[in-house]
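Student: To start, I am sharing the structure in question, which I have written as structure tokens.
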Amino acid sequence: RSDIEDVVKAISKEERKQLRNLGIKIGRYHIFLPRMLKPKAVSLRISLWKFYNSFVESNEIPKSGLNFLTDNQNKFNKKFLLLCGFENFGNYYIRVDILEKLFLKIIDNTKNGKFKISSEMMNLLGCSKENFVKLINKMDYKFFEKNNETYFKYQPKKFKVKSKFKSLNKDNPFKVLNQINFK
């Protein structure tokens, strides 16, 4: 979705409604077809993947109905699991539709830019509190303690942008602007 963010922003509410009626879901991280996450559709894609890629046994197929996977031994192929409908966050994999449901729960429980973990969120994923905290941290949510309660706040990583204009040549007439003190 991040590759086409400008296109997504240009879609009107009426067009979004039409897309939704066609079975296309525009989520926070993904644009996907929920029907394509059904077991028969995933099974077909897996069969095609096996045929095209000369399937290797190390590509484990997630069980139907599974929402959350951990990969501490790096045994999963990220592209293969994305084909199966799972998004990757470090060594954690979450089914795309469940990820979008999690974000809706987070939005519903967010007050003043922060939220607490609920058992409903962990049950949705089917993971432990420890794994949930690690996962949510990989999603750019930072945790902090307040009144013996653990809260999370979304804090995306900031990227430093390197200036293209650092090396101005000596004859540049704008070089004198560096000497201006605005204080």
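Student: Answer yes if at least one residue in the range 136-149 is touching a residue at least 60 places away in the same chain (Cβ under 8 Å), in a helix (DSSP H, G or I) and surrounded by 14 or more Cβ atoms within 10 Å (Cβ to Cβ), and no otherwise.
Tutor: First, the residues of the range 136-149 that are touching a residue at least 60 places away in the same chain (Cβ under 8 Å): none.
No, the range 136-149 contains no residue that is touching a residue at least 60 places away in the same chain (Cβ under 8 Å), in a helix (DSSP H, G or I) and surrounded by 14 or more Cβ atoms within 10 Å (Cβ to Cβ).
Student: Limited to the range 72-100, what total is found for residues that are touching a Gly at 6+ places or on another chain (Cβ under 9 Å) and among the charged types (D, E, K, R)?
Tutor: 3
Student: Another one. Hey, does the range 115-134 have a residue that's in contact (Cβ under 8 Å) with a residue 60 or more places away in the chain and surrounded by 10 or more Cβ atoms within 10 Å (Cβ to Cβ)?
Tutor: Of all residues in the range 115-134, those in contact (Cβ under 8 Å) with a residue 60 or more places away in the chain come to 126, 131.
If we keep only those that are surrounded by 10 or more Cβ atoms within 10 Å (Cβ to Cβ) too, we end up with 126, 131.
Scanning the range 115-134, I find at least one residue that is in contact (Cβ under 8 Å) with a residue 60 or more places away in the chain and surrounded by 10 or more Cβ atoms within 10 Å (Cβ to Cβ), so the answer is yes.
Read-outs: derived from the displayed coordinates by stated rules, not from any lab. Computed from a prediction, not measured in an experiment: that's the story for all the values here. When we count neighbours, we look across all protein chains shown, and the Cβ atoms used for this are built from the backbone with ideal geometry, even at glycine.
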